[in-house]
Structures are given as structure tokens and as C-alpha cells.
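Remarks on the structure that follows.
The values are calculated or read from the model by the stated rules, or taken from the named source; none is laboratory data. Because the structure is predicted, anything quoted here is derived from the model rather than measured. Cβ placement follows ideal geometry from the backbone for every residue including glycine, while neighbour counts extend to all protein chains displayed.
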Amino acid sequence: MQILQSAKSGPIRKGIATSSPEATLDVNGDIKIGDSSATCNGTTEGSMRYNSTDKAVEVCNGTSWLAMQASACDNAPAYLTFPSLTAQSTSTLVESAIVAVTGMDASCTVNVGVAGSGSPNYRTCSNSDCSTVLQAWTAANNTLDIQGNYIQLRTTTSASTDTSFSVTLTTGAITHDWIAATGVTVCGVIGSVCADGTVYAGLTSGTPFYVTRCDSGMSWGGASCDGARSNHYWNDGLTDYTTTGVIDLDDGQANTASLITIDSNSVTAGTQDHLAAQHCADLVLHGKSDWYLPAKNELGTIYTNSAVIGGFTTVYYWSSVETTSSNARRMIFNDGSSNSLGKNYASYIRCARHD
């Protein structure tokens, strides 16, 4: 191959004269393409030039000059729809449907990750039944080629019934959601008497809860509640009040656990019982020993369902919610209204529990 060098001054210009024009030219350094004004036609097809106005290298396609640029890689998949799971068992590892990935350019990679409740994972597969796994179950962020492949999610359901867990799969800038919800495990409709003798009262914070069949002091006689209802002071009946700070409107179980450890008066040594809460905490009935004094909103649910639960009177029932240092919340069962009354007044109680 003969290399011809121009005798002109300035940058060295070299041309190639050879009978094998397709021979490889190796250059140990940069090649600078001039800013040519040549016309693009059939004769110059395949030529390259530098366009100093557009700052781009162009190639002649036989008709016009076209900018040479890297093709964009579409790595945003079409939205992945994972059908929700409902009525699942609690604390159970469940898997989503296996979903095909479409909408991306072939061989484009994308960052894949997962987040949400229940310690979620994802995996990718090459076929629709995931018999051939590409990325094993993981919670880690990974850069993956997923176009034309399949993705599946899994998570562990809530320990509570009637509770939804949300899982979010991220593929680059796109997010995809999946819901796995537990079912309600109860003995029947509200007001049903369960096999253990408790009565299903409804839901408390999404969890089924139950009440005793009769008010405190009474017992089920086979056809009705027999005996006399017991009145209970919210504290120990004295006016030397203490502030308990027990104010949760929804969680009577937590309220009761606190009340039985807190002094109910400020003058007597030792722990003085909050009598209404202590009665429920001490109760062993229907084979259960985890009874509590309902919170205000739980008491409201019990009132709403009182006709089908049965055994109530139309007077006041204590909740486990303190309103001031000297008062607590109670509800009257003739219209469901509530008021704040002195802790040293007596009212009826109906104990509750949940799984």
C-alpha cells in the first residue's frame, strides 16, 4: 500500500492509493474529519464529514447528509399489572401472578428493585411458569435485561386478618403495585355466637373482635342473660385521682394493659386497681383469659351492633379512655352518645378480646 503525503503546509493530509481499497487502515491516534461542503449524491455516498454548525459527524446516504448518533435505548417497560390477592391466610408467604415484560428495546438493561410490607422479593424467569429462573428471589436492586422475560413478586401477609400489604416493584423510573390482603376469619356474621361461646362484635382496626355474651355480673342461662349487672368504678372509687395518660381511642387491649399497672389514686401506697379495666383483665370466660375494657371507638362499634349482639341495657358503659385526671369516657346505649364522667362513678361494662 502506498501512502501519498501532500506537500502543502499546515496539517498533514494523507491519501491511500491501493488496489485493495477495503484494506484496513490502522491509525495510532485520532482521525480528524474536515468540515466539508461537498454535495451528497450517489458518487459521494458513504462519505463522512464534520458539521461544525451542528457539531456532529454526518454520513452521506446518497441523497442527504445524516447525523451519526448512538441510538436511544428504550428501557421503560409497559406497566406491569399484578392482580391483587385477597382472603389470604395470615403470616403466610404468598406469590403474585407471573407477568410478561414488554415495551422495552431488546438487550436494554434497567435497574430493578422492590419495596413494601412483608419483606417482599422479586424474581425473573425466561418462561411463563418460571420453571427457568434467571434472577433468583431477591430484595436487592439489580441491573437486568428483562425485555421478553417474566417477573414474579412474593411477600409475607399480615399477622392480622382483613389487612392489606402493598408491594411496589420498580423498573427504572416506572413503578408497579401489587396488593396482598388477608381475609376475615370469624365464626359468622356480626352477632354470631362462636363455638367457644364468645360473640363476634365486628372489626377493631381491621381485626375481628369479640365480646362476652352478657354484661359483667351476668351469665348465659341458655335462653337469656341471668343475674344482676355489676357496676364498676373506673378507678378505685376515691377522688384522689391520678393522671394515667391512657387515651387511645381504638386500642382497648393496650389501654387495659397500661391501666392495670398504674395507681388509681395518689395517696395509697402500692398499685391501686382501676377496677373496670382490672375486672376485664382478670376475667377467664369461654376458655379465654385475654379480655380487656374496650376503647371508646370499640365501644362505639359494639353499640352499633348491640341489637344483634344482644344482652345490653340502655344505660352507660365504661370505655378504657381517660379524658382528664378525674374523668373517663363512657357511652350510653340508648343513642350511642358519649360523655366524660368522674372516675369515681359506677357504670356497667362489657369486656372484649381479639385474636
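Count of region 204-223 residues, restricted to those that are free of Cβ contacts under 8 Å to residues at least 60 places away in the same chain and either among the hydroxyl-bearing types (Ser, Thr, Tyr) or in the same structural domain as TYR150 (by TED's automatic domain parsing) (or both), is 2.
The residues of region 172-196 that are over 17 Å from GLN152 (Cβ atoms) and acidic (Asp, Glu) amount to a single one, ASP196.
Scanning region 110-134 for residues that are crowded, with 17+ Cβ neighbours inside 10 Å and either assigned to a strand (DSSP E or B) or in contact with a helix residue (DSSP H, G or I) (Cβ under 6 Å, 6 or more places away or on another chain) (or both) yields VAL110, VAL112, VAL114, GLY116, ASN121, TYR122, ARG123, THR124, CYS125. Taken as a whole, region 256-277 holds no residue that is small (Gly, Ala, Ser), assigned to a loop (DSSP other than H, G, I, E, B) and closer than 30 Å to ALA87 by Cβ.
If you go through region 116-125 one residue at a time, do you hit one that is at pLDDT 95 or above and either more than 23 Å from SER91 (Cβ to Cβ) or assigned by TED's automatic domain parsing to the domain that holds GLY222 (or both)? For region 116-125, residues at pLDDT 95 or above and either more than 23 Å from SER91 (Cβ to Cβ) or assigned by TED's automatic domain parsing to the domain that holds GLY222 (or both): present. In region 44-91, which residue that is without any contact (Cβ under 8 Å) to a residue 12 or more places away in the chain and surrounded by 11 or more Cβ atoms within 10 Å (Cβ to Cβ) is farthest from ASP105 (Cα to Cα)? Among them, the one singled out is GLU58. No other residue among SER325, SER320, SER258, SER340 is touching a Pro at 6+ places or on another chain (Cβ under 7 Å), over 24 Å from GLY188 (Cα atoms) and assigned by TED's automatic domain parsing to the domain that holds TYR210 apart from SER320. When the test is whether a residue is assigned to a loop (DSSP other than H, G, I, E, B), more than 18 Å from TYR122 (Cα to Cα) and free of Cβ contacts under 8 Å to residues at least 40 places away in the same chain, ALA159 does not pass it. Scanning region 254-265 turns up no residue that is in contact (Cβ under 8 Å) with a residue 40 or more places away in the chain, surrounded by fewer than 20 Cβ atoms within 10 Å (Cβ to Cβ) and either among the hydrophobic types (A, V, I, L, M, F, W, C) or over 21 Å from TRP220 (Cβ atoms) (or both).
Based on what the data block shows, is ILE190 over 30 Å from GLY310 (Cα atoms) and either crowded, with 21+ Cβ neighbours inside 10 Å or not assigned by TED's automatic domain parsing to the domain that holds ASP251 (or both)? Talk me through it step by step, then tell me what you get.
Working: over 30 Å from GLY310 (Cα atoms): no; either crowded, with 21+ Cβ neighbours inside 10 Å or not assigned by TED's automatic domain parsing to the domain that holds ASP251 (or both): yes.
The answer is no for ILE190.
When only residues in region 305-351 that are touching an Asp or Glu at 6+ places or on another chain (Cβ under 6 Å) and not in a loop (DSSP other than H, G, I, E, B) count, which is nearest to GLN278 (Cα to Cα)? The extreme case among them is TYR348.
Scan region 165-185 and tell me whether some residue there is farther than 30 Å from GLY310 by Cβ, of a type outside the set (Ser, Thr, Tyr) and more than 19 Å from the chain's Cα centre (by Cα). Please lay out each step first, then the result.
First, pick out the residues of region 165-185 that are farther than 30 Å from GLY310 by Cβ: 165-181.
If we keep only those that are of a type outside the set (Ser, Thr, Tyr) as well, we get 165, 167, 169, 172-174, 176-181.
Filter once more, so that each one left must be more than 19 Å from the chain's Cα centre (by Cα): 172-173.
Yes, the conditions are met somewhere in region 165-185.
Within region 67-100, the set of residues being out of contact with any strand residue (DSSP E or B) (no Cβ under 6 Å at 6 or more places or on another chain) and either hydrophobic (A, V, I, L, M, F, W, C) or at pLDDT 85 or above (or both) comprises ALA70, ALA72, CYS73, ALA78, TYR79, THR81, PRO83, ALA87, SER91, THR92, ALA97. Taken over region 298-322, residues that are free of Cβ contacts under 8 Å to residues at least 60 places away in the same chain and of a type in the set (S, T, N, Q) amount to 2. Selection over region 59-101 of residues that are within 26 Å of the chain's Cα centre (by Cα) and either part of a loop (DSSP other than H, G, I, E, B) or farther than 21 Å from ASN141 by Cβ (or both) gives a count of 24.
Suppose we filter THR243, THR271 for residues that are touching a residue at least 40 places away in the same chain (Cβ under 8 Å), loosely packed, with under 15 Cβ neighbours inside 10 Å, among the β-branched types (Val, Ile, Thr) and farther than 24 Å from THR313 by Cα; which single one remains?
THR243
Give all pairs with beta carbons closer than 6 Å in which a residue from region 181-203 that is closer than 23 Å to THR92 by Cα meets a residue that is part of a loop (DSSP other than H, G, I, E, B) and not hydroxyl-bearing (Ser, Thr, Tyr); count only pairs at least 6 apart in sequence or on separate chains. Note: pairs meeting the criteria are VAL184/ASP162; CYS187/CYS194.
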